[in-house]
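Chemist: Structure below; questions to follow.
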Amino acid sequence: MSDVTPPPAAAPYAAAPTGPKTNTLAIVSLVTGIVGLFIPIALAAVITGHIALSQIKRLGDNGRGMAIAGLILGYLGIVAGLILLVVLITFPFLFIGANGGFSY
């Protein structure tokens, strides 16, 4: 038999360094901002976005860009909803005036 010694075992991998976590409310703000463009929940994006920015500033979390994007989308959703509301309220009156008013 040969006198061959096996190579030494390799050192185990070290754990990956962990940095600041992503703020959960920033993620919620972004998701509700995107969804708020299609259904009326844009106010939730604005509220959670402002809370997330406050927490990010205080705690040093990541996710500032997501919180800002959620705020922008939330405000756009609110403005779009208000414009749609005005159009839906004024739309019937356009036809009333075009027909010469109501006929009894």
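The values are calculated or read from the model by the stated rules, or taken from the named source; none is laboratory data. What you are looking at is a predicted structure, and each value in this text was computed from that prediction instead of being measured. Here Cβ is always computed from backbone atoms with ideal geometry, including for glycine, and neighbour counts include all displayed protein chains. Accessible surface is based on the protein model in full, side chains and every heavy atom, while ligands, DNA and RNA are left aside. Shrake-Rupley method; radii C 1.70, N 1.55, O 1.52, S 1.80 Å.
Chemist: Of the residues L43, L71, only one is closer than 30 Å to L85 by Cβ and in contact with a His (Cβ under 9 Å, 6 or more places away or on another chain); which?
Modeler: Working: L43 fails: in contact with a His (Cβ under 9 Å, 6 or more places away or on another chain).
The conditions single out L71.
Chemist: Sticking with this one: Within the stretch 39-57, is even one residue of a type outside the set (A, V, I, L, M) and modelled with pLDDT under 95?
Modeler: Yes: one or more hits.
Chemist: Residues being open to solvent by less than 80 Å² (accessible area, probe 1.4 Å), of a type outside the set (A, V, I, L, M, F, W, C) and either assigned to a helix (DSSP H, G or I) or modelled with pLDDT under 90 (or both): count how many of those fall in the stretch 60-92.
Modeler: 7
Chemist: Residues of the stretch 26-58 being open to solvent by 60 Å² or more (accessible area, probe 1.4 Å), part of a loop (DSSP other than H, G, I, E, B) and within 15 Å of I72 (Cβ to Cβ), which ones?
Modeler: Correct list: L37 only.
Chemist: Right, another one. Yes or no: the stretch 5-25 includes at least one residue that is closer than 30 Å to L82 by Cα, part of a loop (DSSP other than H, G, I, E, B), open to solvent by 40 Å² or more (accessible area, probe 1.4 Å) and β-branched (V, I, T).
Modeler: No, because not a single residue in the stretch 5-25 is closer than 30 Å to L82 by Cα, part of a loop (DSSP other than H, G, I, E, B), open to solvent by 40 Å² or more (accessible area, probe 1.4 Å) and β-branched (V, I, T).
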